[in-house]
Every structure is written in C-alpha cells, then in structure tokens.
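Novice: Quick one: structure below, then a few questions.
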Amino acid sequence: MTFARRALVVAWKDLLVERRSKETLNALLFFSLLLLFVFQFALGPDRERLAGVLPGVLWLGFILSALLALGRTFVVEREHDCWEGLLLAPGDKSAIYLGKLGANLTLMAVVETLVLTLFVVFFDIDLGRAFPGLALVVALGTIGLGAVGTLFAAMTAHVRAREVLFPVLLLPVQIPVLLATVKATEALLLGEPLGAVAHWVKLLAAADVVYVVIGLLTFDVVLEG
Amino acid sequence: MTTDPVIRLSDVRKHFGAQTVLDRVSLDVGRGEALALLGGNGAGKTTLLKIVATVLRPTTGQVTVAGLDAVRQAEAVRAQIGFAGHGAWVYDDLTATENLKFWTTLAGRAASEAELTAALAAVELDRTGPARVRTFSAGMKRRLSLARLTLFRPAVLLLDEPFAGLDQRAKKWLEGHLESHKDRGGALLMVTHSFGRELGVADRIAILAGGRIALDTPRGNLDPDDLQRLYAAHSEDAA
Amino acid sequence: MVRVLGWLSAMALAIGLVLAFGVAPRETSQGNVQRIMYVHPPLAWVAYVAFAVVAAASIAYLVRRRPAADRLAHASAEVGVLFTGLAIATGSIWGKPTWGTWWTWDARLTSVAILFVMYVGYLLLRSTIEDRERAARYCAVLGIVAALDMPLVHFSVYWWRTLHQPPSLMKPGGFSGSPAILWPLLVNLAAFTLLYAYLVAKRARLLRAERGALA
C-alpha cells in the first residue's frame, strides 16, 4: 500500500533526522528534568500538597514538552525548500500528516516515559495497579495533543512569532484533553478502577478521532503554504 | 493533441499585496521544446516558474500544464512535472542516498539501491552516497538535487538556474540530460541568468521585464552578443 | 437590505432594553442587578451563533474558495469576539453582587471564556499572516478545528465542574417562565441577533471595500 509506505517514509525521515541531529530530543529530555526541579521548588516540600496537584503538574510537564517538540516539527522543512518538495510530491498529502504525527508521537512517548519515571521516583508515587489505565489515558491524551499540534505546527511554521502563536492556538483547543487526562489521572492514582473514569476515556477517544480526521482532511490545505 | 502546448500561460497576473510582479504574461512551451526565460533580478522569473509548478497560484489568469489546470487540478499537474528550484530539497542530516530514497518513496516510486547509485553516479556523487549532506558544498547539493530529477521521467521539467554552480563536466552532463528529455517529447521551461553555452539547449528565448514578456523569439541563429544586446534593450536591468 | 437590518435591530434593541430595564418587574432577592440576566444570555447565545457562522463560512470557503465566505468568517469572528466579551462582562457584573466575586469557574462561564480565547486566537492568526489567501485558508482550518472542539469543551468543562462536586450555584435569575420575565428575554434575544447580523453585514462590506482597494 503506497499510502502506508509514504507515511512511513516521512516518519522514518523525521526520526532519522532527529536521531542524528539530536537537536530536539536531548533538549527535551533535559527540559523535562529541569521541569521537575522547577515544580518541586515552586510547590514546596509539603508532601500532601504535592500529592494533590500531582496529576496537574504531570500533565503540565507533558504539555510543555509537547509544545517544544511539536513546535519544531516543521522547522526542518524550511531549510533548502524541503517544504516545497513535500508540496510537489505527487500523492495524498495526508500521508505526510500521518507520518509526521507518527514521528511526533514517538518523540513524545520517549519524553513522557522519562517524565513519568522521574515523577514516580522523585515524588514517590506508587503506580501499581493504576499503570495500565494510566498508560491508556496518557496514550490517548498524547494522540490528541499530537494530532492538533502537528496540524497547527504546520500552520504556524511560516508565520512570524511562530513560537508564541503556536501555543496560543494549541492550548485552548486542548482544554478538553487537559481536563480529561488530569481528572482521569487523578482518579487512577487514587486507586480507582478504569471503569470509574470511562466517560473521560470516551471523551479522549472521541477527541482523538475528531482531531485526527480533521488533520487528515485539512493538511493539504495547510501544506499549500 | 500533439499540437497543443504542454505549458500554457494566458494573461497571468500575480500580485503580492500591492506589488504587481507579473502583469498579463502569456507564454507557451510545446512538446519537445525548451524555453529559456531571462530577466533581471526581481523580474519575476522565479515567481512565474513557481506558478507553473503549482507552488504559487496566479492572482488572475490561466495556467495549464499537459492540458491540466494548474490551480484546479494542481495534484494532477504535480504528477507531470519535475521541479528544481533554488532550494536543493535536501535534509542535511541524511546521507545523499537516504535523501534520494526519501523523495522517491514519497513520490510513490520504489527505487532500487542500484537506481539510486546510478543517479548519484550520473552527477558524480556516487562515492559520497553514504556521506551526510551536511558535509556537502553548495554545488554538491545542487548536483544532488539534479540527481533526484533523473530518477523520474516527467513530461515537463521546470528548472530555476540549473547550470548555476556546476563545473564544466556537470554542465555537459546536464545538457545531455535535457536534450534526451526533449527527444522523449518532454517540455522544458528554464529560468536562467547567463548567456553562455547553457542556452544551447533552448529552442526559444523569452525575456521577462516589467512584469511582462518583452521578447519571445526562437533562439535560432542568435549568438550571445545578439542576445546581450536584445537583453539590454528589453530589460530594465542593464546587463 | 443592510439598512433595513440596521433599523430593525435598533428598534428591537430599544424595545428590548426598555423592557429589560424599565418594564420588567424588579426581582426580589437580587434587585435590579438581575435585569442583566435579560441581556447576558442573549449575548452568550449570539456569541455561539457567531462561532457557528465562522465554522460554516470556513467550511464553505475551503470547499469553494469564494472570498465572500472568507469575509463572512472574518466579520463574524470580529463581531463574535465583541459579543463574547460583552457576555463575559455582563456575567461578571451580575456575578459580583450576587456571588461576591467577579469570576468563578462555573461551567457556563468557563465555556464562554474558552470561546473568547478561541476567537482571539483566530483573530491573532489572521493578523499575523500577511498573505490574504493564506490567512483565509489557515483561519478556515482553525475555525473548523475550534468549532468541532466546542462540544468537547462543553462536556469536559461540565463534567469537570459537576461530577463529584456540588452543582453550580449559578442560576440565571431562576426563570420560571412567567410572561413578564420571558418577553424581555425573547425580545432581547431577537434584538441582539439582529444587531449581530447587521454588524456582520456592515463589517463584511467594509472588508470587501478594503480588499477591493488592494486588488
């Protein structure tokens, strides 16, 4: 299937460039570590208080890292007019969107794994039974962030004040994802079963579908530059 | 129909905000024909080329490539053209071979290792295949961009100063490649700055000045001096 | 046509405001402040309608690439942000004496606030892109994403505020549906909708003139 192969080659290219240039990933990983410190200092040593805001802080960490990772995803295409090349390559442009999304999700997954691990270690969280549910929530939330983020990153890539405009456009749209993931994470960490947060999970799944479909349908419009 | 031009611009205008870059441009390029587009800096040559390539849209006017409307059937047009602009379309962190592999796969064409190596060999980059493009000079990147073109057989080639930065051997190779393209019935629209032997491949010369086609003539027996005189006479930018 | 709209909306607005602030009975517990509740819901209603228009015009633009659709989306966004701002302001004005605070993260207010932010983002994007055609396309995509997001925003905000938490204390003046209260509300609803339509028509016309001058 050519569509799949085209999407895969885009993802392959992005991940290869990332691995070789190490531009984004290293900075992101270090940024996550830094966030941990900043949160700790900002919130103080009080264990109780930390436990209460932990889910919010965790997702704040994810979102800030995602903003960095996603914001850069099309910057590489501006060199040597590669963007032009993407536009002129014959075939369905949504394959490019999917490939970019795949690469971004992979990147975000790496960062989130690190952030989560650091959180568990530093804040002494017992994941235990909550892990499968948490993994699902994190996965769904990340897809939501990535789907809209990839689209908006393409939209803001050529715009002045890209670094500011990208988060300004992305964050309001992501509020449902933020609310759902934080609330679900909160409940799961308190030991509640996945069934108790089923409505949040369904919302996330619905959001993901909507976002990815819009991305697939409108990406060619955005690529036209 | 073999008599219809492969590339046709009719009354094309292009504005960027308040600035008019192209003002009622009409141009034809036929099968097996090569047109060299000359003009001063900022004359709009690249803009015109990009409009034919569907990278930009005309403000008004009609553009057809291989009988397809460049605005309404842009995707179909893209399948018919090979474009090499100022940017080389290379990813610095990928190797030369990987770059070619990316662009061919993205175009839905599965090129074998042998084909990729052959393409690199044609522009004498085969030994640098495994090297990262970041280490390449600007000229090498341009050659890589041309190597990419050889992997396809489009009906139309749109090239922006393709001979720039090439050494004699590479120029000779490119000439040969473009002649074969024409022999196969391909059309060529080439933007160029120079009057030298590069124009040898052109069947017709057009000069873009003041947003319009100031001259459109067969190259025929014009020698470089004639050309320079015509160019100076027609363009605002005294050569 | 636009003129008629202007006159109609002016009349309806005059009637509506007189009804709201003059004729309608004074509410016992909240006092005159409650009269804002004849104005606040209509404003919020128009804010959402304006957004729906932005979304519909955006889709229309992407399908047909007609500049008129883009102008409609742009005009509706500008008028919409105005109405949204007013809706938030009137909500706040009502809230201060009633709840003792200018702001609360009540589900409805929060949703309207998010709507406001979406509008601002849309207008920011527009102002940042110089190329008119690109601005139209990108804003169309943003408009569609934001509009399809609104239902998700609603649910998530509502669940956020009401599940496992005491229900919101905000009730818009406790409408029981008595005619004395219903009529001013409905008239204002119509009036503000007309006003919206008039302002959008004027703005769209102005946009056409502005852009025509450049072409």
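Novice: In debye, nearest 20, what is the charge dipole magnitude of chain A about its Cα centre with +1 on Lys and Arg Cβ and -1 on Asp and Glu Cβ, if you could check?
Specialist: Here the size comes out at about 200 debye.
Novice: If you rank B:Leu189, B:Leu222, C:Leu194 by fewest surrounding Cβ atoms within 10 Å, what's the result?
Specialist: B:Leu222, C:Leu194, B:Leu189
Novice: Run the dipole for the protein assembly as shown about the Cα centre, Lys and Arg Cβ at +1, Asp and Glu Cβ at -1, nothing else charged, and hand back the magnitude in debye, nearest 20.
Specialist: That gives the protein assembly as shown a dipole magnitude of about 1260 debye.
Novice: May I pose another question? In the neighborhood of B:Gln168, defined by Cβ-to-Cβ distances under 11 Å, what is the net charge if each Lys or Arg adds +1 and each Asp or Glu adds -1?
Specialist: Its environment carries a net charge of +2.
Novice: Can you list, bin by bin at 5 Å, the percent of alpha carbon pairs in chain B, starting at 0?
Specialist: Cα pair-distance distribution for chain B, in percent: 1, 7, 14, 18, 19, 16, 13, 8, 4, 1, 0.
Novice: Hey, could you pull the Cα Rg and Dmax for region A:1-109, both in Å?
Specialist: Spelled out, the Cα radius of gyration and Dmax of region A:1-109 are 17.8, 58 Å.
Novice: How would C:Trp105, C:Trp159 line up from fewest to most surrounding beta-carbon atoms within 10 angstrom?
Specialist: Ascending Cβ contact count within 10 Å gives the list C:Trp105, C:Trp159.
Novice: How charged is the neighbourhood of B:Thr20? Take every other residue with its Cβ under 9 Å from the Cβ of B:Thr20, and add Lys/Arg as +1 and Asp/Glu as -1.
Specialist: Once all neighbours under 9 Å are counted, the net charge is +1.
Novice: Mind telling me which of A:Phe62, A:Phe152, A:Phe122 comes out most flexible in a GNM of chain A, alpha-carbon contacts under 10 Å?
Specialist: Looking only at A:Phe62, A:Phe152, A:Phe122, the biggest GNM fluctuation is shown by A:Phe122.
Novice: Please list, in chain and number order, the residues 5+ apart from B:Gly82 or on another chain whose amide H is under 5 Å from its amide H, with Hs placed from the backbone.
Specialist: Those lying under 5 Å, H to H, from B:Gly82 are B:Val156, B:Leu157, B:Leu158.
Novice: As a test of understanding, state the convex hull volume per residue of region B:99-204 from its alpha carbons, in Å³. Write down the numbers at each step before the final one.
Specialist: Working: hull volume 11.1 nm³, N = 106.
Here the figure is 105 Å³ per residue.
Novice: Report for the protein assembly as shown the percent antiparallel among DSSP-assigned beta bridges with both residues inside it, nearest 5.
Specialist: Of the beta bridges lying entirely in the protein assembly as shown, close to 55 percent run antiparallel.
Novice: On a 22 Å Cα-Cα criterion, which of the cross-link pairs A:Lys93/B:Lys50; B:Lys101/B:Lys182; A:Lys13/A:Lys202; A:Lys13/B:Lys172 come out too long?
Specialist: The pairs that break the limit, which is 22 Å between Cα atoms, are B:Lys101/B:Lys182; A:Lys13/A:Lys202; A:Lys13/B:Lys172.
Novice: Grab the beta carbon distance between B:Asp203 and B:Gln19, set R0 = 35 Å, and tell me the FRET efficiency rounded to 0.05.
Specialist: About 0.65, to the nearest 0.05.
Novice: If Lys and Arg each add +1 and Asp and Glu each add -1, what is the summed charge of the other residues whose beta carbon sits under 14 Å from the beta carbon of A:Gly195? Display every interim value, and only then the final one.
Specialist: On the way: positive: A:Arg129, A:Lys202; negative: A:Glu192.
Charge balance in the 14 Å sphere: +1.
Novice: Do you know the relative contact order of region B:106-181, to the nearest whole percent, from alpha carbon pairs under 8 angstrom that are 6+ apart?
Specialist: RCO, region B:106-181: 30 percent.
Novice: Still on this model: Rounded, prolate or oblate: which one fits the protein assembly as shown, using the alpha carbon gyration tensor with axes a ≥ b ≥ c (rounded when a/c is under 1.5, else prolate when a/b beats b/c, else oblate)?
Specialist: It comes out oblate by the Cα gyration axes.
Novice: Using a Cα-Cα cut-off of under 18 Å, which lysines could be cross-linked to B:Lys45, ignoring same-chain neighbours fewer than 8 residues away?
Specialist: Leaving aside lysines fewer than 8 places away in the same chain, those within reach of B:Lys45 are B:Lys14.
Novice: Would you give the gap between the C-alpha center of region B:100-161 and the C-alpha center of region B:38-97, rounded to a whole Å?
Specialist: Between the Cα centre of region B:100-161 and that of region B:38-97, the gap is 18 Å.
Novice: Fewest to most neighbouring Cβ within 10 Å: what's the order for C:Tyr198, C:Tyr48?
Specialist: Working: C:Tyr198 21, C:Tyr48 18.
Least to most surrounded, the residues fall as C:Tyr48, C:Tyr198.
Novice: Across region C:1-111, how large is the tail of the calculated P(r) beyond 17 Å, expressed as a percent of all Cα pairs?
Specialist: 65
Novice: Something else about it: What span do the alpha-carbon atoms of region B:62-110 cover on each of the three principal axes, reported in whole Å from largest to smallest?
Specialist: 39, 26, 13
Novice: When you look at the Cβ of every residue in B:73-83, what mean number of other chain Cβ atoms sits within 10 Å?
Specialist: The mean count of partner-chain Cβ atoms within 10 Å per residue comes to 3.
Novice: Among rounded, prolate and oblate, which fits region B:1-91 when a ≥ b ≥ c are the square roots of the eigenvalues of its C-alpha gyration tensor, a/c under 1.5 means rounded, and a/b larger than b/c means prolate? Before the final figure, lay out the partial values.
Specialist: Numbers: a/c = 1.41, a/b = 1.19, b/c = 1.18.
Note, shape of region B:1-91 comes out rounded.
Novice: Full extension from B:Ser180 to B:Gln228: what is 0.36 nm times the residue separation minus their Cα-Cα distance, to one decimal in nm?
Specialist: Extra length available between B:Ser180 and B:Gln228 comes to 14.5 nm.
Novice: Let me ask something else. Tell me which aspartates and glutamates have Cα within less than 15 Å of B:Lys171's Cα, excluding those fewer than 8 residues away on the same chain?
Specialist: B:Glu124, B:Asp160, B:Glu161, B:Glu179, B:Glu198
Novice: Still on this structure, I have one more. Which longest uninterrupted range of chain A lacks any trypsin sites (Lys or Arg not before Pro) assigned by DSSP to a loop state (not H, G, I, E or B) and surrounded by at most 15 other Cβ atoms within 10 Å?
Specialist: Longest stretch, sites excluded: A:23-128.
Novice: Rounded to the nearest 0.05, what FRET efficiency do A:Ala139 and A:Arg19 have when you use their Cβ-Cβ distance and R0 = 22 Å?
Specialist: That pair, A:Ala139 with A:Arg19, gives E of 0.50.
Novice: Okay, moving on. For a quick check: with amide H placed at 1.01 Å from N, whose amide H comes under 5 Å from B:Val25's, ignoring anything fewer than 5 positions away on the same chain?
Specialist: B:Asp11, B:Val12, B:Arg13
Computed from the coordinates by the stated procedures, all read-outs in this text should not be read as laboratory data. Quick caveat: nothing in here was measured; it's all calculated off a predicted structure. A quick note on method: Cβ atoms are made from the backbone with ideal geometry, for glycine too, and the neighbour counts reach across all protein chains shown.
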